1. Go through the stretch 249-265 and give me each residue that's modelled with pLDDT of 95 or more and polar (S, T, N, Q).
2. Which of the residues belonging to the stretch 41-79 are open to solvent by 30 Å² or more (accessible area, probe 1.4 Å) and within 19 Å of ARG6 (Cα to Cα)?
3. For the stretch 1-14, how many residues are of a type outside the set (Val, Ile, Thr) and either within 13 Å of TYR66 (Cβ to Cβ) or open to solvent by less than 40 Å² (accessible area, probe 1.4 Å) (or both)?
4. Search the stretch 284-319 for residues being without any contact (Cβ under 8 Å) to a residue 40 or more places away in the chain and of a type in the set (Val, Ile, Thr), and hand back the single one that is farthest from LYS224 (Cα to Cα).
5. Which of the numbered conditions does VAL186 fail, given that it passes all the others? Conditions: (1) in contact with a His (Cβ under 8 Å, 6 or more places away or on another chain); (2) closer than 29 Å to ALA29 by Cβ; (3) not polar (S, T, N, Q).
6. Given the criterion small (Gly, Ala, Ser), over 22 Å from GLN319 (Cα atoms) and open to solvent by 40 Å² or more (accessible area, probe 1.4 Å), identify the matching residue among SER277, SER262.
7. With part of a helix (DSSP H, G or I), open to solvent by 20 Å² or more (accessible area, probe 1.4 Å) and of a type in the set (Gly, Ala, Ser) as the only criterion, which of ALA17, ALA38, ALA27 stands out?
8. Quick check, is PHE302 open to solvent by less than 10 Å² (accessible area, probe 1.4 Å) and over 19 Å from the mean Cα position of the chain (by Cα)?
Amino acid sequence: MARQERPVDPTAGPVQALAYELRKLRAEAGNPTYRQLARSAGYGATTLSEAAGGARLPTLEVLLAYVGACGGDPDEWRQRWHETAARVRPTEPVRQVAGEREGDPEEGAGAGTEGPGQPAVAPSGVRRPRNGPPRPRWVVPVVAVAAVIVTVMAVVTVVELPDDGPTAPGAARCPSVPDGTTFTAVTYGGGAHVRDGAARDESVLTTIPPDCTVGFTGFCVGEKVYDNTGGMPDVRWFKLAGGGVVSSAVVHGNPPRDLRASDCRNGRPTPTSLELSVVTGAGRSGTVTLRATGRDLYVVGFATSVGAPASSGERTWRQVSLADVRDPTVGASVRLDALPGASAQGPVVLVAAACLGGDSPTGLVRARQVRPEDPRGAVPVTLDQRQQAEAAGSACRYPSRG
């Protein structure tokens, strides 16, 4: 049985966030083993595992090999790598996982090429400076010993340097839940960083250990983080009475549905507009694509219900998808191979809801009604207040829940 990977906290810093995204990409590829990835990546299983370990930043070459083996977009991940490298603190050295190519453990950046300042390889296998005499053979073991010493020193340095900001005194104990708490949540995994603002590169004020019940006074909207349990996107940051915020993605718990977001340091606006369009497939394919666009969208939930919206009685909403908005100019979309309830009498109501994360609707909802026999004729419809709340609750729920 394969050894389980050490959990990575995506809020612990840019390197850890990149590692978390690499693990998510691997999971989306079917969770192949690192040995399986190594066959197509050209790097060893250990190097690929370290690239997603979160302790050091992998080289761009290793990252692109990892991404390519998982079927990811190299251009997108190349940009992510550069953004991550730029966000590493200026006082923290960028410790990169260089790795070794399978079948050629000495191959590295620039190996096998000759140019100004590059070593050439003599026929005997001993490297010598260009246009210079071969080095004495006794130099090789001396250099090897020196390399070992440097490597040991580097390992000690990595162990002694923290991956992120300081931990305040007393952080090993759970904080008390103060009066005036609006809601609570429980920490898990490696605990939760309390940051000065709603972004992963903000300073860490303290770290709350796992299995602590924490009281919060409200929440704000900030940088998107993917939660540690389901990998779902979440832009909520929970506010502590004494100052600082904690990402919703690293704790279990939600604020009340009627609680609205407030301002915080490095906060972002809540969604302000939402439009839903229905695009039908060519011919009689029966495929329908729901596309949601708008301003300040982060996550969009889609849901459906059979029957006219004005019909009396309780409605049944079925979630179609909780979609991540990675490009605000494109929005979010989901494809349906067939409309639900196509064999039933009456129209189908299609809904898009702006969410802040799983189980976090904003109340911004748009609905269109179509008839299964003529999906091209989608028309906007208005839901009453109860229908909007139920539709948004279904559209924005965690997909893993029944």
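The values are calculated or read from the model by the stated rules, or taken from the named source; none is laboratory data. It should be emphasised that the depicted structure is a prediction, and the values quoted were computed from it without experimental measurement. Please note: Cβ atoms are built from the backbone with ideal geometry, for glycine as well, and neighbour counts cover all protein chains shown. For accessibility, only protein heavy atoms count, side chains too; no ligands or nucleic acids. Shrake-Rupley method; radii C 1.70, N 1.55, O 1.52, S 1.80 Å.
1. SER262 - this is the single residue of the stretch 249-265 that is modelled with pLDDT of 95 or more and polar (S, T, N, Q).
2. Listed by number, the residues that qualify are THR46, SER49, GLU50, ALA55, ARG56.
3. 5
4. Filtering first and then ranking leaves THR316.
5. Of (1) in contact with a His (Cβ under 8 Å, 6 or more places away or on another chain); (2) closer than 29 Å to ALA29 by Cβ; (3) not polar (S, T, N, Q), only one is false for VAL186: (2).
6. Selected residue: SER262, the only one of SER277, SER262 that is small (Gly, Ala, Ser), over 22 Å from GLN319 (Cα atoms) and open to solvent by 40 Å² or more (accessible area, probe 1.4 Å).
7. The conditions single out ALA27.
8. Answer is yes for this residue.
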